[in-house]
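No value in this document is a laboratory result; all are computed from the given coordinates. Here the structure is a predicted model, which means the values were calculated and not measured. Cβ coordinates were reconstructed from backbone atoms using ideal geometry, including for glycine residues, and neighbour counts include every protein chain displayed.
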Amino acid sequence: MTQAGSVRPGGRTARTRAAVFDATLDELASRGWDQVSVESIAARARVHKTTVYRRWGGKTRLVAEALEAAAESRIQVPDSGDIDQELRALARAVLAILTSRDGAATVRALVAGAQGSPEVGRVVRRFWATRLAQVGPIAERAVARGQLPQGTDPDDLMRYLAAPLFHRLLVTAEPLTQATADQAAAAALAAARAGVFARSREAR
């Protein structure tokens, strides 16, 4: 059975989906998790609230899917045959999200909300689980080509690539630039090549 909100529709339904997702991110960025509701999202998207409830069931799933859709549209890493190029592309994609119109504010809202809300925590964990899954094929291809050690953990690779960018956004408030993204990619690649992220067979 198909779950609500899981089908990628076309035509008018696709336009409604896009409008609701855009409204969700705008609401989250401007109002914060606690102030966002299905009703406020529906009003901003100019659709009836029953449409939103019928397709997504509630705020938690809607926010999670809106975040995933936005990330999917911005994180595109083609198979170049070169792990160096691919990690730079991945870091620059993360940079694009964090410097987009709604990206920084949305991230701050979720991080703030996750401190006291298990519901927000679930949204954040789901979002990162899907992002980490995207990195798996990149690492696997690089291992198969002999560009990374056997057993390289793609989750660790992604965490250490993205962490410097999130640190600048959330902790030090330093500028986020392409140079910082490239540096983060280079540092993560150097660590991976050194075997820092390689798991033993027993740990796998």
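Based on C-alpha pairs under 8 angstrom that are at least 6 apart in sequence, the chain has a relative contact order of 20 percent.
Note: relative contact order over region 95-192, using C-alpha pairs below 8 Å and six or more positions apart, is 25 percent. Eigenvalues of the alpha-carbon gyration tensor of region 11-66, scaled by 5 and square-rooted, set the equivalent ellipsoid semi-axes at 16, 11, 10 angstrom, largest first. Here the peptides 83-95, 12-24 are ranked by packing, the mean other Cβ count within 10 Å, and the order with the highest first is 83-95, 12-24. Could you tell me which residue out of Ala185, Pro154, Val196 lies farthest along the dipole of the chain toward its positive end? Charges go on the beta carbon: Lys and Arg +1, Asp and Glu -1, centred on the Cα centre. Sorting the options by dipole projection puts first Pro154. Neighbours of Val36 by Cβ distance under 9 Å: Lys/Arg scored +1, Asp/Glu scored -1, total 0.
Kirkwood radius for the chain, taken over all pairs of different Cα atoms as the inverse mean of 1/r, rounds to 18.2 Å. With both labels modelled 7 Å from their Cα along Cα-to-Cβ, the Gln178 to Gln115 distance reads 3.5 nm.
Using a Förster radius of 35 Å, what is the FRET efficiency between Ala144 and Ala19 based on their Cβ-Cβ separation? Nearest 0.05, please. So the FRET efficiency works out to roughly 0.25. Once the chain from Val196 to Thr130 is taken as fully extended at 0.36 nm per residue, the excess over their C-alpha distance is 21.5 nm. Calculated mean residue ellipticity, 222 nm, the chain: -22000 deg cm²/dmol, from DSSP H runs (n ≥ 4) at -39500 (n - 2.57) each, averaged per residue and rounded to 500. The H on the amide N of Thr152, modeled in the peptide plane, is under 5 Å from the matching H of Arg199, each at least 5 residues off or on a different chain. Helix 103-114 and the long axis of the chain differ in direction by around 80°, with both axes built from C-alpha atoms. When the Gaussian network model of the chain links Cα atoms closer than 10 Å, the mean-square fluctuations of Ala109, Ala173, Ala133 top out at Ala173.
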